[in-house]
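Below you'll find the structure, written out as structure tokens, and then a few comments.
The values are calculated or read from the model by the stated rules, or taken from the named source; none is laboratory data. If you're wondering where the values come from, they're calculated on a predicted model, not measured in any experiment. Glycine also receives a Cβ, built like all others from the backbone with ideal geometry; neighbour counts cover every protein chain displayed.
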Amino acid sequence: MARAPYLDPARFGVRVALSAVTTVLLVLAVRGLPRPAGLEARGGPPWPAPASVPAGVRAAGLTLLASPGDVVRFAVHLDVIVDGRRVTVPAGIGIGVDARGQPLGDGVDAPS
């Protein structure tokens, strides 16, 4: 029974060397690409700063919070119905945990 050409030990070294050379050439090509200018080098945005942030927020139909750092939270309720019957969802579904089993975040806002 003939051995498949890609399993030929004599050609294995050639394939490894070719892969190594290709990888080095790709890395050098990528490193040689021009880097995009950072925001610091270009300065600020091309539009003027707003004269009044609160007026702009109200004009957008939004409301300002009482003070910076205030958080507005909403409680959400969800019923799961399968075949016309209410299904109980086990506790903890959708709550991320770290390696120690501790909940991520505060259980309300998912970490990004």
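Evaluated against (1) at pLDDT 75 or above; (2) in a loop (DSSP other than H, G, I, E, B), Ala29 falls short on exactly one condition, (2). Cβ-Cβ contacts under 8 Å between residues 6 or more apart (or on different chains), taken from a first residue in region 60-76 that is on the phi < 0 side of the Ramachandran plot and assigned to a loop (DSSP other than H, G, I, E, B) to a second residue that is of a type outside the set (A, V, I, L, M) and at pLDDT 75 or above, are listed as Leu64/Pro54; Leu64/Arg58.
If the condition is being surrounded by 10 or more Cβ atoms within 10 Å (Cβ to Cβ), among the hydrophobic types (A, V, I, L, M, F, W, C) and either modelled with pLDDT of 80 or more or part of a loop (DSSP other than H, G, I, E, B) (or both), then region 81-112 contributes Val89, Ile95, Leu104, Val108, Ala110.
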